[in-house]
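Below: the structure, in structure tokens.
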Amino acid sequence: MKIENPNPIQWQFSERAQGLQSSFIREILKITQRPEIISFAGGLPSPATFPVERMKAAYDKVLSETGKVALQYGPTDGYAPLREWIANSLSTEGTKILPEQIMMVSGSQQALDLIGKVLIDEGSRVLVETPSYLGALQAFSVYRPEFASVETDDDGLVPSSIEGVAKGARLLYALPNFQNPTGRSLSLARRQELVETCARLQLPLIEDDPYGALSYSGEPMPKLLSMNPDGVIYMGSFSKVLTPGIRLGYVCAPLPLVRRLELAKQAADLHTAQLTQMVVHEVVKDGFLDEHIPTIRTLYANQCQAMLDAMAEHFPAGVSWTKPEGGMFIWVTLPKSVDAMKLLDTAIASRVAFVPGAPFYANEGETNTLRLSFVTVPPERIREGIAILGKLIAAML
Ligand code: PMP
């Protein structure tokens with residue numbers, strides 16, 4: 001029987017919970033899901049690329065042939081054949097990655113949380129790019145670090161600026177390929193300088209790489225991991241090359257660290273869904289991604305070009321933007337006098353959405369920047385939305 005409850009609980013949240021904030025992007029997404037809005041705001045991959053039939057066949061196969069194992073609890077570090085497949089795919093001629101270095105996670109977002117849990121104390125210094133991935137800032141913030149911003153320029157992170165802010169730092173979080181939010185990539189020379197600098201400073205280097213496979217042309221750049229496997233923690237994800245709804249990612253780290261991450265994961269959720277891991281292994285093991293990823297690249301490259309062309313036609317003088325060679329995002333810098341938050345208000349009233357740049361900065365941000373995603377909008381809607389944005393920006397000058 002339900003009791004009388006005249007004195008409801010006055011919730012006293014932990015200090016940690018009091019500091020939690022909703023991601024600005026998730027808030028915008030609530031508005032932009034309205035069908036009349038042309039949304040360049042989401043970081044969502046295009047559902048047109050989801051291999052639904054292939055996944056369905058793999059679920060069927062795994063459940064009918066190995067259902068009893070797939071539906072049981074599994075090991076914390078993950079499904080061994082999938083970890084082996086990942087270790088092979090990350091190994092290069094000079095750098096062999098062992099399956100023991102791989103731990104599966106429930107989306108690479110979980111790796112950010114676990115890394116925060118095992119490496120960050122309250123007040124620890126954490127180095128991030130300017131700007132950086134909002135979800136990482138949010139994940140690390142739970143552990144209440146002091147963020148120090150590493151300089152960036154048109155070519156991405158500037159390695160020579162690390163040393164000046166590195167004193168006492170616990171880690172440097174970097175996105176070398178088609179960065180979220182800017183779409184920029186690091187040159188080979190900068191990669192080398194970055195890895196050498198971190199090694200010299202004994203600074204753990206996190207390489208977050210969900211977009212590396214989505215290069216529109218040319219050979220992929222070498223991973224930072226391959227340049228120093230003892231000092232780099234690599235994070236990979238199936239979200240952008242298969243589907244994000246399965247929540248499957250992985251982390252590759254030196255053995256002492258991966259064992260610590262495993263303890264943290266055990267406490268968090270015991271393990272990532274065994275069924276999901278077995279299905280993904282079934283999908284990828286015979287080279288499916290080699291046929292599938294090029295179809296994603298072609299789609300995104302066309303839509304990226306449509307957006308770049310439309311911007312060249314419709315954006316007023318004084319606006320500049322990045323020209324990504326892969327991934328999902330373009331970063332726009334408006335004239336200093338234009339506040340992207342104010343632009344967003346008028347844009348939403350005109351049925352166009354984007355993400356203002358300010359939330360991507362750990363410290364002092366640039367209010368005249370914004371992020372555009374082109375992957376879920378067809379070219380004719382991209383042209384329409386960019387033309388509207390161009391007019392709104394011009395009206396604010
Ligand atoms: N890192 C970056 C840079 C991202 O953009 C994202 C997703 N937007 C993630 C990590 C998290 O990806 P997931 O948890 O889906 O693997």
Taking a temperature of 4 °C and a viscosity of 1.567 mPa s, what whole-number D in µm²/s does Stokes-Einstein yield for the chain with Rh from Kirkwood over alpha carbon pairs?
58 µm²/s
Which order do ARG371, ARG383, ARG184, ARG200 take when ranked by solvent-accessible area (1.4 Å probe, heavy atoms of all protein chains), largest first?
ARG200, ARG383, ARG184, ARG371
Share of carbon and sulfur in the accessible heavy-atom surface of the chain [1.4 Å probe, %]:
52 percent
Of GLU384, GLU282, ordered by accessible area with the largest first and a 1.4 Å probe, the sequence is GLU384, GLU282
Which longest uninterrupted range of the chain lacks any chymotrypsin sites (Phe, Trp or Tyr not before Pro) assigned by DSSP to a loop state (not H, G, I, E or B) and surrounded by at most 16 other Cβ atoms within 10 Å?
217-397
Round to the nearest 0.05 the FRET efficiency obtained for LYS96 and ARG381 when R0 = 45 Å and r is the Cβ-Cβ distance.
0.45
Given 0.36 nm per residue, what is the gain on full extension from GLN21 to MET341 after removing their alpha carbon distance, in nm?
113.4 nm
For the GLU122, ASN88 Cβ pair and Förster radius 35 Å, calculated FRET efficiency rounded to 0.05 is 0.35
Excluding residues fewer than 8 places away in the same chain, name every one of the lysines whose C-alpha is closer than 21 Å to that of LYS61.
LYS285
Tell me the relative contact order for the chain as a rounded percent, counting alpha carbon contacts under 8 Å between residues six or more apart.
22 percent
Pull out the extension gain between LYS323 and GLU151, defined as 0.36 nm times the separation in residues minus the alpha carbon to alpha carbon distance; nm, one decimal.
60.0 nm
Give the cross-link partners of LYS167 among the lysines, using a straight C-alpha distance below 21 Å as the criterion and excluding same-chain residues fewer than 8 apart.
LYS117
Quick check: pseudo-label points 7 Å beyond the Cα along Cα→Cβ at PHE288 and LYS30, how many nm apart are they?
3.5 nm
Once THR130, THR295 are ranked on solvent-accessible area with the largest value leading and a 1.4 Å probe, the list reads THR295, THR130
Quote the FRET efficiency, to the nearest 0.05, computed for GLU53 versus SER217 with a Förster distance R0 of 30 Å and r equal to the Cβ-Cβ distance.
0.60
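The values are calculated or read from the model by the stated rules, or taken from the named source; none is laboratory data. Bear in mind that the values here come from a model prediction, so they are computed numbers and not experimental data. Don't worry about glycine lacking a Cβ; one is built from the backbone with ideal geometry, like all the others, and counts go over all protein chains shown. Note: accessible area is taken over every heavy atom of the protein model, side chains too, but ligands, DNA and RNA are not part of it. Shrake-Rupley method; radii C 1.70, N 1.55, O 1.52, S 1.80 Å.
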